[in-house]
Structures are given as structure tokens and as C-alpha cells.
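Inspection log for the structure reproduced underneath, given as C-alpha cells.
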Amino acid sequence: MKRLFTAFLLVFGCIKAFGQQHNMSKQYVPAGDPVVEQKIANWQDLKFGLFMHWGTYSQWGVVESWSICPEDEGWTQRRGPYGATYNGYKAAYENLQTTFNPTKFNPEKWVKAAKDAGMKYVIFTTKHHDGFCMFDTKETDYKITSSKTPFSSNPRSNVTKEIFNAFRKDNFMIGAYFSKPDWHTENYWWPYFPPKDRNVNYDPKKYPERWQKFKDFTYNQISELMSDYGKVDILWLDGGWVRPKTSVDTSIDWQRGIKFDQDIDMPKIAAMGRQKQPGLIVVDRTVAGKYENYTTPEQEVPEVPLDHPWESCITMGNSWSYVPGDHYKSVQKIVQLLVKIVSRGGNLLMNIGPGPDGDWDPVAYERLQGISRWMKINGEGIYASQSVAPYSTGNIYYTKAKNSNTIYAFALSDEEKVVLPATVLVKLKDIKKVKKVTLLGSTQSLKWKQVSDGIDISIPTKLQQASGLNEAAGFKIVY
């Protein structure tokens, strides 16, 4: 995943991706395991999750990993005192291990803020593409628990274990982000050759023994995460260029740069993961097939519901990793993104990047508090909901409660404060006789009438200007 330096393209008020593109038209392949299928269904009901990108790069406030990738892209630019030469920059970047000391690390603080905001699952970056491990792996010394890292002397230095344990105590579903490529190990970027781009820098078919060492290294690290970190529900694999050559989709720009077969034996990895963690959801993102149990459009909201499980991963700020003074999305924008995504049947995975001191920017906590206020009123129309046609009309977005004749119509506000019109037209076709209509967060009774193309809801004059609601008003329609 990479920071997006280009401006976001807005599509019906939602973010369109320039990141790791997905071909979402490819046919979804079900997992085929009823235990996995049930866990996917349970995950779909959660709707709102927390993502965290965190590593040594937070000390420089630069894009995670990508500045050591020798590609000429906006997100890979090297800046600062070490930027003049590639080798000098990479050496300085890897030396960040020796100064990483996030002494304010307190995952319970994050749990409280995320839970209050209505988040139900967490995905944490155990290792990004740069190869620095935020867990106590035995496969490399390039890790937070190494004696080279100052934080290793802290009793909570194995931050992945601490984060998973803290969130699990509050019944969060636990997900381990893991980068398949590793730009630190000599068996991916072999020092004999200079790295040329994000891909492996030698031909695995020409040097099969070296590639086997990389496969073993990857398998062993994932095995550690599946064995030593308690119950794990999701294995979220990034770096989709590490894939069998036969799976390359040439309609996607970045996949056309994959020259070598980079097969790491996903059947073996998934089987091991599910043996240790029954029902494990595997997300081999962008690699369509039975190991992409749900798709992950990045910085993107599909315009129509997808025919399979999916999750939009979107940054709360402009960057995936910590950047000083980052511009955070408003509560209004985040709430409305959540509503739009859920109306299309998806989940929102919202990213916050912890800083070098081990805490979030205070603005992130403020945003979560605002989301919390909205979710306490409107959450019933978000959780365990399904998409329902016509999905949206104008500024109104629809969800349907599972196993219930209840539809929610969320009217998105142009301003933070909700101002309601005298009449709200909810365009729902073929709806049965309406029994009751209420406004979430209000005790005032409403009048309505069914019309040919839906329901006309009359809003009392006092309620129009003084509903006390923010971001979006939720109407509950029982039929």
C-alpha cells in the first residue's frame, strides 16, 4: 500500500483509487470451507474496522517502505539529508531500527477509542514491504524486539502480541497484515544484483534454491504469527506482485511489470494457517482465486454492490503511515463514507498511523469521538445490514437489517449539522405496507404516506432545524 500524492477523484462523493488497483469484475471463488464461510459472514456483519500502518518509517514521517523502492513514482521519492544516493538512503532507512523507541505505546488506549467509535475488528501491520518486523520473529534480527532496537528493553516490545491481546479482550476480530515481498531479506532482494523495482531482483527459476529459501522464510514467519499470537481471524496479505505468473492480470498497470513467477505456494500457507487457526479468513489481495476470501478496494468505494464479500481500506488522513501535520478527514466525511460503503454491502477499514512515540495524533482521537456520537444513534442501521435496491437516490442511502422487515434510509447532510426538509421522499419499490417510520435519535412521531415510488415522510417544522443530529439522519422504516 502506498501514500497517494495525487488528488483524489470523487465519484458520487466517494474516493476513487490510484493505489493497488483491483479488477473487481473477476469472478469470486468461494473458500469452499463451511467454517471459513461462516467466519466471513460474521466478519461482514461487523462493517467497521481499524487498520494501522506502523513501523520505523514513522520516525521520518515518510511513506511506509516505498521510499526504498527503486521506482520513479511520486510515492517512492527519496527526500531529506540522505536522499542524494539510493544506497546511502537505504542504509540510513534501515538504521532507523537503532533509534525506534515508541515509549508511549499503550494499545488499551487505542482499544477504548476504537470501541467507542463502533469499530469491531482490527488489522495490524506485522510486517510491511521494507521487512521490518513488528513481532518477535525468529527468522531475522530486523525486528522491534532485536537488541539493536531501543524499544526491545520495554516489557511490551512485542507490539503485535500486545495489540492482538488488548483488542481481543474487547471481542475485536483480529487480523494480521503481512507483506509477501520483503525488501530486507537477501533471498528476495539478493545483494548480488541491485534491486530494479518492487519485484524480486533475480529469476526464481534460474536460482530455485534461493527462491526456496525465501518461500521457507515467508512460510515460517506466517507460521509464527498463526502459532504464537493467540486467536487470529484474518491473514491479510499485501504485495500482490508476489504471485504465480499465471495469475497476472495484464489489464492492471502495475501487474504488467511482473516479469518473474513469484509463486510462494499459497495452498501450503493457507492449509497451515487454517490448521493452526480453524476458519481463518485469507485475503491474498488482488490475486483472484480461492485465497482472496474478500476483496480490498484501496481508497475506493464501488459504485454498485459487488457480488462477493469486500472491504474498502481508506485512510483517515491523507497517508497510510504517520506524517506530522497530516490532514485528517472530517467526522462528516468519514461517517458518510461508512454509510455509502455499507449501502453497497461492504465494510470500511479505516487506517490510522501511529507516530514514532507510539501514539496517535490527537486529531485521530477527536475524529473517533465524533464518529462515536453518530454511531451510538445510528449503529443499528449499519451493523448486520445488507444492501437493498435502489441502494441510493440523491443524498439518501439505504440499508436493510438482516432477517428483519426493516429498512434504514440515511439522508446525508451537506453540512455538519443536519437540516431536514419538510418532506423526505424515500424511494423504495415493491415495499410492503409500512407499519412504522421513526427518526433515529428523536422521540418525535412522524407522519408518512406511501406513494407510487416510495414513501413520503413529513418532518415537523421544529424538527427540521432542531433535530440535534449531525452528519446524516437515519430513518427507520418497519414494514
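The values are calculated or read from the model by the stated rules, or taken from the named source; none is laboratory data. Since we're looking at a predicted model, the values are computed, not measured. Positions of Cβ are backbone-derived with ideal geometry, glycine not excepted, and every protein chain shown enters the neighbour counts. For the accessible areas, the whole protein counts, side chains as well, though only heavy atoms, and no ligand, DNA or RNA atoms are used. Shrake-Rupley method; radii C 1.70, N 1.55, O 1.52, S 1.80 Å.
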TODO: Would you mind putting 193-199, 280-286, 207-213 in packing order, based on average other-beta-carbon counts within 10 Å, highest first?
DONE: 280-286, 193-199, 207-213
TODO: Sort out for me the Cα centre separation of the range 275-319 from the range 180-212, rounded to whole Å.
DONE: 27 Å
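Using a 10 Å cut-off on Cβ atoms, rank the peptides 432-441, 94-103 from the highest mean neighbour count down. Working shown, then result.
Working: 432-441: 15.0, 94-103: 17.1.
Listed from highest to lowest mean packing, they are 94-103, 432-441.
Ignoring ligands, DNA and RNA, what percent of the accessible area of the range 244-346 is carbon or sulfur (1.4 Å)? Don't skip to the end; give the middle numbers.
Details: 1700 of 3350 Å².
Answer for the range 244-346: carbon and sulfur cover 51 percent of the accessible area.
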Task: Qualifying aspartates and glutamates (Cα of each under 20 Å from Cα of Lys138; at least 8 residues distant if same chain) - done: Glu94, Asp130, Glu162, Asp182, Glu186, Asp216, Glu224, Asp228
Task: Computed helical MRE - 222 nm, the chain, DSSP H runs ≥ 4 contributing -39500 (n - 2.57), nearest 500 - done: -7000 deg cm²/dmol
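Sort the following peptides by mean Cβ neighbour count (other Cβ atoms within 10 Å, averaged over residues), highest first: 347-355, 414-422, 289-297. Please list the in-between numbers first.
Values: 347-355: 23.4, 414-422: 13.3, 289-297: 21.4.
Result, highest mean Cβ count within 10 Å first: 347-355, 289-297, 414-422.
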Open item on the list: Please give the Cα centre distance for the range 236-253 versus the range 331-351, rounded to the nearest Å.
Closed with: 27 Å
TODO: Please label the shape of the range 146-229 as rounded, prolate or oblate, based on the square roots a ≥ b ≥ c of the eigenvalues of the alpha-carbon gyration tensor (a/c under 1.5 means rounded; beyond that, a/b larger than b/c means prolate, else oblate).
DONE: prolate
Task: Matching label, Rg and Dmax of the Cα atoms in Å computed from the structure shown, candidates (1) 23.3, 76; (2) 22.2, 71; (3) 25.4, 91 - done: (1)
TODO: Could you state the orientation-averaged shadow area of the convex hull built on the Cα atoms of the range 244-305, in nm² to one decimal?
DONE: 5.6 nm²
- [ ] Using only Cα positions of the range 180-307, each an equal point scatterer, no hydration layer, compute I(q)/I(0) via Debye at q = 0.16, 0.22 Å⁻¹ and quote the log10 values to two decimals.
- [x] -0.87, -1.37
- [ ] Keeping all protein chains in place, calculate the accessible area per residue for the range 120-206 (probe 1.4 angstrom), answer in Å².
- [x] 36 Å²
- [ ] Quick one: work out Rg over Rh on the C-alpha atoms of the range 285-400, Rh as Kirkwood radius.
- [x] 1.00
Task: Heavy atoms of Trp254 accessible to a 1.4 Å probe, total area in Å² rounded to 10 - done: 30 Å²
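May I ask you to give the solvent-accessible area per residue for the range 250-356, in square angstrom, as obtained with a 1.4 angstrom probe? Walk me through the numbers on the way to the answer.
On the way: 3060 Å² over 107 residues.
Averaged over the residues of the range 250-356, the accessible area is 29 Å².
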TODO: Quick one: dipole size for the chain, taken about the Cα centre, charges +1 on Lys/Arg Cβ and -1 on Asp/Glu Cβ, in debye to the nearest 20.
DONE: 1300 debye
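Which whole-number value in Å² is the accessible area per residue of the range 374-479, probe 1.4 Å? The partial results should precede the final answer.
Working: 5470 Å² over 106 residues.
Computed with neighbouring chains in place, this is 52 Å² per residue.
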